[in-house]
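Working notes for the structure below.
A short reminder: the numbers here are calculations on the coordinates, not readings from a lab. What you see is a predicted model, and the numbers here were worked out from it, not measured in a lab. All Cβ positions, glycine included, derive from the backbone under ideal geometry; neighbour counts span all protein chains shown.
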């Protein structure tokens, strides 16, 4: 089977030798130095599996146990649409799918290009636009919008995403209990725990606190997912020079060790549990103390982490369209493009986060259209060069037919192949360009048009009753 | 370069191995310890603060300058008279209950220390009651609270409410920071907001002046 987005550019950051060196170093960290393990249950499970429990809840994991868990961890993952259709299939073909986000604290208003607080009505708009775009395969309700008690905001964001977004979801909550609420909703929504485990339309997310703090809250998430058949991404976010060593290799060794720890935990709880490798080793800006979302070293290290995940044969959770700039401007678009290009070339499988501005403080509907444009643009790039024998024969024949000084406009091979070249939908290549760019105006109009006209496939009456009943219960908690 | 300039320069350049000799040299030459402190080391730290704000110095260099200052103080401290060193203020710092993120708060502690504040860092996952008790015990000018999550910001509110209930703690100044915090949230809960460690120092200075 061919990859869903053919990638013929042979891009990797790390050579096989470099991957081996980082792997060995990560194994040394886990087996000799150990990590902090807060969860008493997990310490017991790990000890029973062969790990060594030391003073101060430090756990050391022998290489043998790591290898055993690498054998049982699934080499792929499938995710389903809200309505049970397999829309994400990661396996031997190494497919790639892009996600988006539903809500954060602030939104960049698409009419004014100015930041304001995000509210529940914005959640719906993001869901509708992301449902419309074919480039988006899944999204992330995060529960950070305003106007609802933060202890139930993730749950409400999830309910609205179920209503207005038909594809898969990667849920983010501040606390595991919030996810357990969403899990119960999802199970009732599809007709039971087994049905959801058989065709999950949700996945979840956890992170250690770098460096090497596997806190109870994160470990609990791994356990809940393993026990309920829900795929989980374990993704350290570390800052080079702050919460990770300052060099790319140091950060990669640390993050890789922390992810392997997550992988071991998931397999110890349930061999065969779905696990996704995530890693965000970024730059700690020593001038501003920002954990950068636009740093080139960050995106290079994410792509390097994808090489490591590929080495282990587990799906990788990448990142796209990220910027440190607050609005849609020259900086944000340049940083979006760099992260998009890097991730499209890399071995990432599920690519999350974009389009994120102001180092994850705001999101933008206009950014989604820019992402969509860059998705098809970079997809064309990684298609690479077709050097099949048939193509070489056809090209030699064409070159011979045209001869020196001729032209190719009327050649059969031109007619047959010119549509394989990508044409932008929103960017322009006019012979005579207008004196002022009208791109932003056109993007605003397109967003408005989609929001006015696109109607996501409605859920059934029974499903709405499930959601409404949970919503009433959540809302009654903190009145 | 006279000896005071050399001491100031040691602080700016983070010359940890040099400063002790230079401070000793100044004292051996008969200079008043307070003059060595004010016109040497503190002058250097002021330059460090300015250079950091201008983007000319970076965090690890600022921290190295602070350490260098400490080296010099080791020699100077026993010789200084009461009142020679004016503490900028006392701060109790914590990452609030339910939150285990440490780096932002740690950085603010280090920068405040460099600016002459006495810091009592209570760590992470600190309950409102623990913060209140620390305020009673240490009698600080300021309580600083950090949170990374929208949900744990509620712990900040609870802490502020608890501090306001007690006559002995209700007047302490409160600073908050962290990813979900902003000036509006701070005002609503009766606290003050700063966006980063450098702004936190400015805010702390303004709160105690």
Need the C-alpha centroid separation for the stretch A:117-145 versus the stretch A:284-312, integer Å.
25
In percent, how large is the relative contact order of chain B, given Cα pairs closer than 8 Å and 6 or more residues apart?
17
In nm, give the distance between the simple-model label positions of residue A:52 and residue B:209, each being 7 Å from the Cα along the Cα-to-Cβ direction.
5.6
I'd like the mean, over residues of B:95-104, of how many other protein chain beta carbons sit within 10 Å of each residue's own Cβ.
3
Report the extension gain between residue A:300 and residue A:227 in nm, rounded to one decimal, defined as 0.36 nm multiplied by the number of residues separating them, less their alpha carbon distance.
22.8 nm
A student applying the Cα gyration tensor rule (rounded when a/c is under 1.5; otherwise prolate if a/b is larger than b/c, oblate if not) would label the stretch A:433-479 oblate
Pairwise FRET efficiency - residue A:389 versus residue B:51, Cβ, R0 = 51 Å, nearest 0.05:
0.20
In degrees, nearest 10, range 0 to 90: what is the angle between the Cα axis of helix B:103-114 and the longest Cα principal axis of chain B?
40
Within the stretch A:301-321: backbone nitrogen closer than 17 Å to the residue A:15 label point (7 Å, Cα to C-beta):
A:304, A:307-308
Pairwise over distinct Cα atoms, reciprocal of the mean inverse distance: report the Kirkwood radius of the stretch A:71-382 in Å, one decimal place.
19.1
Computed FRET efficiency, Cβ-Cβ of residue A:270 and residue A:149, R0 51 Å: what is it to the nearest 0.05?
0.95
The stretch B:1-90 - Rg over Rh from alpha carbon coordinates, Kirkwood radius
0.97
FRET efficiency (residue B:27, residue A:419; Cβ distance; R0 56 Å; to 0.05) is 0.10
Ranked highest first by average number of other Cβ atoms within 10 Å, how do A:171-184, A:295-308 line up?
A:295-308, A:171-184
So for each of B:138-149, B:60-71 I average, over its residues, the number of other beta carbons within 10 Å; can you give me the resulting order with the highest mean first?
B:138-149, B:60-71
Can you give me the distance in nm between label points at residue A:476 and residue A:92, each placed 7 Å from the Cα along the Cα-to-Cβ direction?
5.3
What does the structure give for B:149-155 when I average, per residue, the other chain Cβ atoms found within 10 Å of the residue Cβ?
6
How much of the DSSP beta bridge set in the protein assembly as shown is antiparallel, as a percent to the nearest 5?
25
Which angle from 0 to 90°, rounded to the nearest 10, does the C-alpha axis of helix B:59-76 make with the longest principal axis of chain B?
60
Cα centroid separation, the stretch A:416-457 to the stretch A:1-32 (Å)
37
With the Cα gyration tensor of the stretch B:89-208 giving a ≥ b ≥ c as the square roots of its eigenvalues, does the rule (a/c under 1.5 for rounded; else a/b larger than b/c for prolate; else oblate) give rounded, prolate or oblate?
rounded
Gain in span if fully extended, residue B:34 to residue B:171, counting 0.36 nm per residue against the direct Cα distance:
46.0 nm
Let me confirm one metric for peptide A:143-151, namely the mean number of other chain beta-carbon atoms within 10 Å of its residues' beta-carbons.
3
By the C-alpha gyration tensor axes a ≥ b ≥ c (rounded if a/c is under 1.5, else prolate when a/b exceeds b/c, else oblate), the shape of the stretch B:77-129 is prolate
Counting DSSP beta bridges in the stretch A:71-382, what percent are antiparallel, to the nearest 5?
30
Evaluate the Kirkwood expression for the hydrodynamic radius of the stretch B:153-209, namely the inverse of the mean inverse distance over all pairs of different C-alpha atoms, and round to one decimal in Å.
11.8
Output needed: percent of Cα pairs per 5 Å distance bin for the stretch B:26-134, bins running from 0 to the one holding the longest distance.
2, 11, 18, 19, 16, 13, 11, 7, 2, 1, 0
How high is the relative contact order of chain A, in percent, counting Cα pairs under 8 Å that sit 6 or more residues apart?
18
Just want to confirm a number: the relative contact order over the stretch B:89-208, from Cα pairs under 8 angstrom separated by 6+ residues, in percent.
29
Calculate how steeply helix B:19-28 sits against the longest principal axis of the alpha-carbon atoms of chain B, using the helix alpha-carbon long axis, and give the answer as 0 to 90 degrees to the nearest 10.
60
In deg cm²/dmol and to the nearest 500, what is the mean residue ellipticity at 222 nm of chain B if only DSSP H runs of at least 4 residues count, each as -39500 (n - 2.57), divided by the residue total?
-16000 deg cm²/dmol
Which peptide among A:111-120, A:185-194 comes first, and what is the full order, when sorted by highest mean count of other Cβ atoms within 10 Å?
A:185-194, A:111-120
Stokes-Einstein D for the protein assembly as shown, Kirkwood Rh over Cα pairs, 10 °C, 1.306 mPa s (µm²/s)
57
Gap in Å between the Cα centre of the stretch B:77-106 and the Cα centre of the stretch B:152-206?
16
In whole angstrom, how long is each semi-axis of the equivalent ellipsoid of chain B, when you take the square root of 5 times every eigenvalue of its Cα gyration tensor and sort them from largest down?
35, 18, 13
